[in-house]
2 protein chains.
Amino acid sequence: MRNIARLLPMRTTPGEVIVDAAVAMRDGKVAWLGPDGDLPAKFSDSDELDANGAVAIPGLVDPHTHLVWAGNRREELVARLAGESYDGGGIQTTVDATRAATDDDLLEAAIDRGRRMLANGTTTVEIKTGYGLTPKDELRCLDVIARLRDTLPLEVESTYLGAHVVPAGRDRAEYVQEVIETLPAAVARGAQWVDVFCDEGVFTIDETRAILAAASRHGLGTRLHAEEIAHTGAADLAAELGCASADHLEHVTPEGAKAMAEAGVVGVLLPTVTLSLRTFAFGQYPILRDAGVTLALSTDCNPGTSWCDSMPFVVQLACLVYGMSVDDALWAATRGGAAALRRDDIGKLDLGMRADLAVLAVDHEADLVAHLGTASSAATVVGGQVWEGPTRERGL
Amino acid sequence: MRNIARLLPMRTTPGEVIVDAAVAMRDGKVAWLGPDGDLPAKFSDSDELDANGAVAIPGLVDPHTHLVWAGNRREELVARLAGESYDGGGIQTTVDATRAATDDDLLEAAIDRGRRMLANGTTTVEIKTGYGLTPKDELRCLDVIARLRDTLPLEVESTYLGAHVVPAGRDRAEYVQEVIETLPAAVARGAQWVDVFCDEGVFTIDETRAILAAASRHGLGTRLHAEEIAHTGAADLAAELGCASADHLEHVTPEGAKAMAEAGVVGVLLPTVTLSLRTFAFGQYPILRDAGVTLALSTDCNPGTSWCDSMPFVVQLACLVYGMSVDDALWAATRGGAAALRRDDIGKLDLGMRADLAVLAVDHEADLVAHLGTASSAATVVGGQVWEGPTRERGL
């Protein structure tokens, strides 16, 4: 790719920039990058892609999504705007719709969301189950995730989130046991990770510890929904168990953040959720930053609290609500996400890395934040190929 | 236009909906609207436009923009994200760049912004001067606004904002006098409105009163930047002088709101500015609502505090930060904007009104808010014609 006005490779530090840059790609990987004038002659085929003077960064990494669902939760949104409190009970609405949907319907809806993500510059996405909540329906959702991976050029990380909520009418101890007993089947269906919604009114620290310990025995990586609704010590638990990430963290303490930093647990921030829930609780950012926690950003794409498929919007919002610098936010949306997924082949542009790029329709990366409400992805390169999928706009 | 799943005409009350609707247009005006099955045979040519099951509303009205500028204010944004305070001094940066730009450069940039607005469903836009701040440069900007009106199918309202800030190096009394003396020339260049930034550190109540009184003598409508930085009584002044609108209003008091309501002054809310300035001051909404003030929403499109050309994003943000209902926000973005501009031919769809429609790429208007960070305009109809301009995305 030639004619990149500003290339932010995310190799060394946030804010590293190569001006007037080129990237050469071979076999889906980065074969060369540097100032355009230095491009070796053997990479002259790099002319085929012209960035038109845009800004290019590594493909965006979205490490926390619930992409497989049916139905919608409009009524919950309307209630929330009317000032009614949100207690998490809305998940069951989506569970009912998801159980009632066919596999093909679930896949079609997930593909539509995945295409929008690709159009918005995302090239890697973690996808959780969690709207099935029976062994059969959870495994169906894992199958949908696997089929999505085969259908779209997205890099997909598959997460079993049977422990999203105790489903209506179930005994909690029995349900926790069922989640644990489903782990081998989840592995067989392609799950790479286990996540638990460890929070007040959802799963306790002890229940979470039991599920994640079993997950580790089955070779699964672990991650947590942590400290979103209340401070429970979930961040400390994530550190104790060596989770790859702890996500949300609105109620994290400095001690929990310190434990995360020491254990190498990535903190995944989800600013759209805070906006959507209207809690305006943004204080976890300075706590995590000051503790030295590696941070990632994510859409939390889900039907209830964050129907969002735009990582550029998440970056914009993170800067505005947390006061993150543009450089730090872009690092979190690429390198941070890769760290949250323990991937070392994505999230930066360097020799041998996956040739995944987000080309941003801005003259300068700061405009990604300054141009409010505008999705700024001009093109997405995934595995060295330009994503040619449909744009999200419907026309007359 | 046929196949409108939900048509929100904004004729009677927020939330009025015609399901499975059609709109017939003749000579740029609405000739019929109602349930599709009732469409009279003589309007069978309405088939030419198919909304594809989308939601349609009146064309969005953006009653407060500073669309004519040169340069950018990236450094100010970066400083703000680093926690430095914003004092309004950044306007001079844009003044310097605007004075240095040619008329054609100013027009080209404004046209680009206007096209983005059209693509986002806006069909009427108020545009202020205010980055010239000499008689010559202010009148140049009025000329650019007039040329923009001739170039794009947008309905344009032209506002002289010589009193945006006291320019660097000028005596304030002399400058106020110069603004007043420039009024006849502004009228000759097409200005319909005068606006003053009446706030702490900008123009005082007395200065504002003098400018607006002179404006009224010259037949110009009046409007105010009011109560943004501090409470100054500008809302009461707007009521006293019968301004069409008072805009921003972060520091309005219940008494000021009551005066506005009684005088019929529309309150224009600019939520992107609050987000961009990171003040998180959203309390004016319930004060204005409870006082019965007619509300409008606007982008405040400007390079320093709200580079935004998307009224759908403003609607989304208004719901989330103020807790406005979707119905009320859409009303404010159409009927409210029309009221702020004292226009009775726009902002609603009814017989004889301008055939300006925003077709939204959603199944239900609530999704305009629920689908976070997504610009939801599918198509824009302006004066009965589909806007065929370029989309805002740059491709490879």
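The values are calculated or read from the model by the stated rules, or taken from the named source; none is laboratory data. In this text, all values refer to a predicted model and were calculated from it rather than measured experimentally. Backbone-built Cβ (ideal geometry, glycine too); neighbour counts: all protein chains shown. Keep in mind that these areas ignore ligands, DNA and RNA; they rest on the heavy atoms of the full protein, side chains included. Shrake-Rupley method; radii C 1.70, N 1.55, O 1.52, S 1.80 Å.
Of B:VAL265, B:VAL23, B:VAL386, the residue with the greatest mean-square motion in the GNM of chain B, using alpha carbon springs below 10 Å, is B:VAL386.
Probe radius 1.4 Å, ligands and nucleic acids ignored: give me the carbon and sulfur share of the accessible area of the protein assembly as shown as a rounded percent. Walk me through the numbers before you get to the answer.
Values: 12520 of 26060 Å².
Summing carbon and sulfur atoms, their accessible area is 48 percent of the total for the protein assembly as shown.
Burial here means at least 50 square angstrom less accessible surface with every protein chain in place than with the chain by itself, probed at 1.4 Å; in the range A:312-339 the buried residues are A:PHE313, A:LEU320. Calculated FRET efficiency, B:ILE205 to B:ALA185, Cβ-Cβ distance, R0 = 22 Å: about 0.30 to the nearest 0.05.
A point 7 Å from Cα along Cα→Cβ stands in for A:ASP350, and the other copies hold the same point at 6.5 nm, listed in rising order. Between beta-carbons, use under 11 Å as the cut-off and find the net charge around A:ALA101, counting Lys and Arg +1, Asp and Glu -1. Net charge in that neighbourhood comes out at -4. Count the DSSP beta bridges whose two residues both fall in the range A:60-340, then state the antiparallel fraction as a percent rounded to the nearest 5. Beta bridges within the range A:60-340, antiparallel portion: roughly 5 percent.
Remark on chain A: Rg and Dmax equal 20.3, 67 Å (Cα only). Couplings 3J(HN,Hα) for the range A:20-31, derived from phi with the Karplus relation 6.51 cos²θ - 1.76 cosθ + 1.60 (θ = phi - 60°), are 6, 9, 9, 10, 9, 10, 9, 6, x, 10, 6, 9 Hz, where x marks Gly and Pro. Only Lys, Arg, Asp and Glu carry charge here, each on its Cβ (+1 for the first two, -1 for the last two); on that basis the protein assembly as shown has a dipole of about 560 debye about its Cα centre.
Across peptide B:268-275, the mean count of Cβ atoms from other chains lying within 10 Å of each residue's own Cβ comes to 2. Across peptide B:74-81, the average count of Cβ atoms from other chains found within 10 Å of a residue's Cβ is 5.
With n ≥ 4 as the cut-off for DSSP H runs, can you work out [θ] at 222 nm for chain A, using -39500 (n - 2.57) per run divided by the number of residues, rounded to the nearest 500? Intermediate values should be presented prior to the final figure.
Details: 14 runs with 141 residues, N = 396.
Mean residue ellipticity, 222 nm, calculated: -10500 deg cm²/dmol.
Between A:GLU16 and B:GLU240, the simple spin-label model (points 7 angstrom out along Cα→Cβ) gives 6.1 nm. Protection proxy ranking for B:283-292, B:361-370, A:126-135, B:254-263, using the average of other Cβ atoms within 10 Å per residue and placing the highest first: A:126-135, B:361-370, B:254-263, B:283-292. Which whole number gives the average, over all residues in A:240-252, of C-beta atoms from other chains lying within 10 Å of the residue C-beta? Taking all residues of A:240-252 together, the mean is 0.
When DSSP assigns beta bridges and you keep just the ones with both residues in the range B:1-133, what percent turn out antiparallel, to the nearest 5? Bridges in the range B:1-133 are about 60 percent antiparallel. Interface residues of the range B:342-374, defined as those losing at least 10 Å² of solvent-accessible heavy-atom surface relative to the isolated chain (probe radius 1.4 Å), are listed as B:ALA361, B:ASP363, B:HIS364, B:ALA366, B:ASP367, B:VAL369, B:ALA370, B:HIS371, B:LEU372, B:GLY373, B:THR374.
Positive end of the dipole of chain B (Cβ unit charges, origin at the Cα centre): among B:GLY162, B:LEU81, B:THR274, the Cα lying farthest that way belongs to B:GLY162. Near A:HIS64, the amide H atoms lying under 5 Å from its own belong to A:GLU126, A:THR299, A:ASP300; only residues 5 or more places off or on other chains count, and H is placed 1.01 Å from N. When chain B is treated as a GNM with alpha-carbon contacts under 10 Å, the residue of B:ARG335, B:ARG223, B:ARG278 showing the greatest mean-square fluctuation is B:ARG278. Across the range B:46-52, computed HN-Hα scalar couplings (Karplus, 6.51 cos²θ - 1.76 cosθ + 1.60, θ = phi - 60°) run 5, 4, 4, 10, 10, 7, 6 Hz from first to last residue, x flagging Gly and Pro. Per residue, the accessible area of the range B:60-340 comes to 31 Å² when a 1.4 Å probe rolls over the protein heavy atoms. Here each label is just a point 7 Å from Cα along the line to Cβ, and for B:THR102 and A:SER85 those points are 6.3 nm apart. In this calculation the C-beta distance from A:ASP290 to B:ARG217 is compared with R0 = 56 Å, giving a FRET efficiency of 0.45. Taking amide H atoms as placed 1.01 Å from N in the peptide plane, the amide H of A:LEU39 has no partner under 5 Å among residues 5 or more positions away or on other chains. Label point of A:LYS29 (7 Å along Cα→beta-carbon): distances to the other copies' equivalent points are 6.9 nm, sorted ascending.
Annotation: amide H-H contacts under 5 Å for B:VAL382 (H modelled 1.01 Å from N, sequence separation of 5 or more, or interchain): B:LEU357, B:TRP387. What is the angle, in °, between the Cα long axis of helix B:254-263 and the longest principal axis of the Cα atoms in chain B? Nearest 10 is fine, range 0 to 90. Approximately 70 degrees, to the nearest ten. Ordering B:GLY256, B:ALA109, B:LEU212 by the projection of their Cα atoms onto the charge dipole of chain B, which places +1 on the Cβ of Lys and Arg and -1 on the Cβ of Asp and Glu, puts B:ALA109 at the extreme positive end.
In a fully extended conformation the segment linking B:ASP47 and B:ASP112 would gain 20.3 nm over its present Cα-Cα distance, using 0.36 nm per residue.
Counting protein heavy atoms only and a 1.4 angstrom probe, how many square angstrom of accessible surface do chains B and A bury in total, to the nearest 100?
Numbers: alone 15310 and 15310 Å², together 26060 Å².
For B against A, buried area totals roughly 4600 Å².
Counting from the shortest, the label point at B:VAL17, 7 Å from Cα toward Cβ, is 4.7 nm from the same position in each remaining copy. Largest GNM mean-square fluctuation across B:ASP112, B:ASP327, B:ASP356, computed for chain B with C-alpha springs under 10 Å, falls on B:ASP112.
Using Cβ point charges alone (K and R +1, D and E -1), the dipole size of chain B about the Cα centre works out to roughly 300 debye.
So for each of B:209-220, A:148-159 I average, over its residues, the number of other beta carbons within 10 Å; can you give me the resulting order with the highest mean first?
Values: B:209-220: 17.6, A:148-159: 20.2.
By packing density, highest mean first, the sequence is A:148-159, B:209-220.
Comparing Cα centroids, the range A:111-129 and the range B:243-306 end up 37 angstrom apart. What the phi angles of the range B:359-369 give under the Karplus curve with 6.51, -1.76 and 1.60, with θ = phi - 60°, is a coupling list of 9, 9, 7, 9, 7, 8, 4, 5, 5, 4, 8 Hz, glycine and proline written as x. If the limit is 32 Å between Cα atoms, which of A:LYS258/A:LYS348; A:LYS136/A:LYS348; A:LYS29/A:LYS128; A:LYS136/A:LYS258; B:LYS29/B:LYS136 go over it? Beyond 32 Å between Cα atoms: A:LYS136/A:LYS348; A:LYS136/A:LYS258; B:LYS29/B:LYS136.
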